[in-house]
Amino acid sequence: MWMKLCGLVCIFASCVLSGLEMEHRLKQRWMFLWEMKETLRLLEKDMTWHRTPLPDALISAAQVCKTPLGPMLVCCAGQIEARSGRSFGEIWRECARGELPAGLLSDVQMQSVLDTEKALCNTDTELQKTHLKKQEQHFENLCAAAQEEWREKGMLYRRLSAAAGAAAVILLL
């Protein structure tokens, strides 16, 4: 009797926790996109107003990051300073694909992160400022969509996982 009860509790708890994990992934996605938007704002200020070199601006921005964006920026700054002979776009793409966890972003969101290199690596200050503003606005839109998805689907994941756990427990009784 007690073994069966313990098994039922474990089954129910695992169902609920799987729903919470799915919700957590959606929240991480939203947090990453929000942080990317804020990082672009910070990079724009550092690079266009303060004339900070790109590697130093990336490290400065990485220090305030709490998502996987921070290690990606540090990786990119390190690769630039190593002067490997590769273009900034190649370094940015390699660091983005290497440092960001698989499944964190959708394909469209990941492509937006990869496209950011065009805004960061520009010799004309005014053009760079314009590109950074466009990317910032684009990430603002992605962030709003991800937040809405987190709110809607997160609640759905929690409720469905609890219902699935309850159904599994009832079936096993």
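The table below lists the values:
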| quantity | calculated |
| --- | --- |
| Test: residue in segment 129-146 that is in contact (Cβ under 8 Å) with a residue 24 or more places away in the chain and open to solvent by 90 Å² or more (accessible area, probe 1.4 Å) | yes |
| Residue within segment 50-59 that is at positive phi, free of Cβ contacts under 8 Å to residues at least 60 places away in the same chain and not hydrophobic (A, V, I, L, M, F, W, C) present | yes |
| Which listed residue is touching a residue at least 40 places away in the same chain (Cβ under 8 Å) and open to solvent by less than 10 Å² (accessible area, probe 1.4 Å), from Leu69, Leu43 | Leu43 |
| Near pairs, Cβ below 9 angstrom, 6+ apart or cross-chain, from segment 84-112 (open to solvent by less than 20 Å² (accessible area, probe 1.4 Å)) to any residue that is hydroxyl-bearing (Ser, Thr, Tyr) and in a helix (DSSP H, G or I) | Trp92/Thr116; Ala96/Thr116 |
| Hits in segment 44-65 - residues which are part of a helix (DSSP H, G or I) and over 17 Å from the mean Cα position of the chain (by Cα) | Glu44, Lys45, Asp46, Met47, Thr48, Trp49, Leu54, Pro55, Asp56, Ala57, Ile59, Ser60 |
| Residue that is modelled with the highest pLDDT, among those in segment 47-66 that are closer than 18 Å to Lys129 by Cα and open to solvent by 50 Å² or more (accessible area, probe 1.4 Å) | Asp56 |
| Residues (in contact with a helix residue (DSSP H, G or I) (Cβ under 6 Å, 6 or more places away or on another chain) and open to solvent by 50 Å² or more (accessible area, probe 1.4 Å)) located in segment 113-128 | Cys121 |
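The values are calculated or read from the model by the stated rules, or taken from the named source; none is laboratory data. Predicted model, so just to flag it, every value in this text is computed and none were measured. Virtual Cβ from ideal backbone geometry, glycine too; neighbours counted across all protein chains shown. Accessible surface areas use protein heavy atoms only, side chains included; no ligands, DNA or RNA. Shrake-Rupley method; radii C 1.70, N 1.55, O 1.52, S 1.80 Å.
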